[in-house]
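Engineer: Please see the structure below; I have some questions.
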Amino acid sequence: MRFLILTQYFRPEIGAPQTRLDAMARELVSRGHEVEVVTGLPNYPAGRILPGYERCFYRCEQDDGIRIHRVWLYASVGAGFKRLLNYLSFSASCLVGLLKSNKPDYLFIESPPLFLGVPGLTLARIWGVPGIFNVSDLWPDSAVAMGLMKDGLLIRIATHLERWAYRRAMYVTTVTESVRDVLISQKGLCSDRVLLFPNGVDLQQFQPQSPDLELKRSLGLDGKKIILYQGTMGFIHGIGAVLQTAALLQTDTDVHFLFVGAGSQRRALDALKSELNLANVTFLDPVPIPELALFLSIAECGLISHKDNAVSRGARPAKTNPIFASGKPAIVFGGGEGADLVRSARAGRVVPHGDIHGLAEAIRQIVRDPDLAAEFGRNGRRYAEQHLSWSAIVGEWLRQLEQRPSSSSEANHHMFTRARESRPV
């Protein structure tokens, strides 16, 4: 089969969607399928076009059997009008890449941004091929829950666009059971049109290994017990509370917090670090995925943090999977499916977000009890081997596709239940 993936974010960018879609594409190619990707010029999370892609409107690349069409977009970071321009510019320019692609058997559309549903699903209808709309974040619900947008004209427009996309997609795919339940129970989608495609992990790239002492030395962290947070540092992640925990642990002189990543809150966190005079905190820019395995090798545990709201309760943070696969304990500072996953795997500790004293105690327990930490690590690795390999996840997703109707007209006819013509925001 021939798959065409439409996504604003793709490698060499670093992030959960980029990792998932890259792994998906590679696995499909390894199974004998053809894959093309239409994406933007790489710019995330810095909000600047990466070197080598400046002054470029369109570029076609061939990489590991995947044909990648890259098109210009307005690069920006954060929220507000500039981010809206970022989304809208790619939603327009992606048509260049789509029209240069071969007609696929399936057109897979990554959301957010929600706007990509317009060019993607319209072209799928013109081509007469099934459109698969992937919902990794329930937008605009998430924007309202995080306080980034208030009820008004923009929300009403976004809600209509959301329903339009769901109606015209042959299938809607999601990364968590919680979002799947919302799509069926609150958005009115038929259960047989909602497919599950959770995040996975490369078990060869991430596995238990000896600490990279040279890396640890180069960071000036010899003798330190490293608490590693890797990934985006945005509003929803609530990293400020983690820094407050670091302040509580300054008397534990061997404990050090290492943050590897970027995001809209990075500058504010740097300022908070200075304000709290934290000598036990280091911030580093994002690193390529292969290097992340080395950082995990020197960590005592991996930290996952997110505020408690409707968005995070339905999330399963992708950063949990490399922690499991590397045989490291996980500490979840929050709730939702990520916390449920750690509890189910018996691979770490869960602390409600905001309980900085509870987080400090959980960290002390991990670093002071190596036997317990090793047990958590073994449990996590075992769970990853049994449930989180990309081969198993992509294989299951393909099986779901094969069991569904092949006619797009039949799928669209049954896409929605008759009930629920109005939807809560």
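Engineer: I'd like the full set of residues that are assigned to a helix (DSSP H, G or I) and surrounded by fewer than 15 Cβ atoms within 10 Å (Cβ to Cβ), limited to region 63-87. Lay out the reasoning, then the answer.
Structural biologist: First pass over region 63-87, keeping only residues assigned to a helix (DSSP H, G or I): 81-87.
Phe81, Lys82, Leu85 - these are the residues of region 63-87 that are assigned to a helix (DSSP H, G or I) and surrounded by fewer than 15 Cβ atoms within 10 Å (Cβ to Cβ).
Engineer: If you check Val194, Val179, which single one turns out to be outside the structural domain of Val281 (by TED's automatic domain parsing), buried (at least 21 other Cβ atoms within 10 Å of the Cβ) and within 18 Å of the chain's Cα centre (by Cα)?
Structural biologist: Numbers: Val194 fails: within 18 Å of the chain's Cα centre (by Cα).
Within the list Val194, Val179, the selection yields Val179.
Engineer: Here is a further query. Evaluate the following for Thr159: is it at pLDDT 90 or above and not hydrophobic (A, V, I, L, M, F, W, C)?
Structural biologist: Details: at pLDDT 90 or above: no; not hydrophobic (A, V, I, L, M, F, W, C): yes.
Answer is no for this residue.
Engineer: If you don't mind, there's one more thing I want to ask. For a quick check of your reading of the model, give me the residue pairs whose first member lies in region 366-388 and is of a type in the set (Asp, Glu), whose second is surrounded by 15 or more Cβ atoms within 10 Å (Cβ to Cβ) and modelled with pLDDT of 95 or more, with beta-carbon atoms closer than 7 Å and at least 6 apart or on different chains.
Structural biologist: Every condition considered, the pairs that remain are Glu385/Leu203.
Engineer: Also, I was wondering about something else. Checking the conditions here, which among Thr245, Thr251, Thr282 is surrounded by fewer than 19 Cβ atoms within 10 Å (Cβ to Cβ) and in contact (Cβ under 8 Å) with a residue 40 or more places away in the chain?
Structural biologist: Thr282
Engineer: State all residues of region 372-386 that are within 22 Å of the chain's Cα centre (by Cα) and more than 11 Å from Phe324 (Cα to Cα); if no residue qualifies, say none. Before the answer, list the steps.
Structural biologist: Here is the first cut: in region 372-386, the ones within 22 Å of the chain's Cα centre (by Cα) are 380-381, 383-386.
Within region 372-386, Gln386 is the sole residue that qualifies.
Engineer: Modelled with pLDDT under 95 and out of contact with any Lys or Arg (no Cβ under 9 Å at 6 or more places or on another chain): does that describe Arg193? Reasoning before the result, please.
Structural biologist: Numbers: modelled with pLDDT under 95: yes; out of contact with any Lys or Arg (no Cβ under 9 Å at 6 or more places or on another chain): no.
The answer is no for Arg193.
Engineer: Another one. Cβ-Cβ below 7 Å, separation at least six or inter-chain, first residue in region 78-103 and among the small types (Gly, Ala, Ser), second assigned to a helix (DSSP H, G or I): which pairs?
Structural biologist: Taking only residues 6 or more apart or on different chains, the pairs are Ser91/Phe115; Ser91/Leu116; Ser91/Val118; Ser91/Pro119.
Engineer: Take the residues in region 65-79 that are more than 21 Å from the chain's Cα centre (by Cα) and either of a type outside the set (A, V, I, L, M) or modelled with pLDDT under 95 (or both), then tell me which one is farthest from Arg55 (Cα to Cα).
Structural biologist: In this case the residue turns out to be Gly65.
Engineer: Next up: Identify, from the list Leu221, Leu228, the residue that is touching a His at 6+ places or on another chain (Cβ under 7 Å) and within 22 Å of Arg368 (Cβ to Cβ).
Structural biologist: From the options Leu221, Leu228, the qualifying one is Leu221.
Engineer: Please enumerate the residues belonging to region 50-59 that are exposed (fewer than 13 other Cβ atoms within 10 Å of the Cβ) and either touching a strand residue (DSSP E or B) at 6+ places or on another chain (Cβ under 9 Å) or part of a strand (DSSP E or B) (or both).
Structural biologist: Matches in region 50-59: Cys56, Phe57.
Engineer: Being outside any helix (DSSP H, G or I), under 18 Å from Gly238 (Cα atoms), touching a residue at least 24 places away in the same chain (Cβ under 8 Å) and in contact with a helix residue (DSSP H, G or I) (Cβ under 8 Å, 6 or more places away or on another chain) narrows it down to one residue among Ala315, Ala360; which is it? Please lay out each step first, then the result.
Structural biologist: Details: Ala360 fails: outside any helix (DSSP H, G or I).
Exactly one of Ala315, Ala360 is outside any helix (DSSP H, G or I), under 18 Å from Gly238 (Cα atoms), touching a residue at least 24 places away in the same chain (Cβ under 8 Å) and in contact with a helix residue (DSSP H, G or I) (Cβ under 8 Å, 6 or more places away or on another chain), namely Ala315.
Engineer: Sticking with this structure for a sec: Looking only at residues that are modelled with pLDDT of 95 or more, touching a helix residue (DSSP H, G or I) at 6+ places or on another chain (Cβ under 8 Å) and under 30 Å from Arg83 (Cα atoms) in region 254-279, which one is surrounded by the fewest Cβ atoms within 10 Å (Cβ to Cβ)? Lay out the reasoning, then the answer.
Structural biologist: Taking region 254-279 and keeping what is modelled with pLDDT of 95 or more, we get 254-260, 268-279.
Add one more test, that the residue is touching a helix residue (DSSP H, G or I) at 6+ places or on another chain (Cβ under 8 Å), and what stays is 254-255, 257-260, 268-269, 272-273, 276, 278.
From what's left, under 30 Å from Arg83 (Cα atoms): 258-260, 268-269, 272-273.
Values: Leu258: 22, Phe259: 24, Val260: 20, Ala268: 14, Leu269: 19, Leu272: 18, Lys273: 20.
Applying the filter and picking the extreme gives Ala268.
The values are calculated or read from the model by the stated rules, or taken from the named source; none is laboratory data. Predicted, not measured: the structure shown is a model, and the values here were computed from it. So basically every Cβ, Gly included, is an ideal-geometry build from the backbone, and we count neighbours across all protein chains shown.
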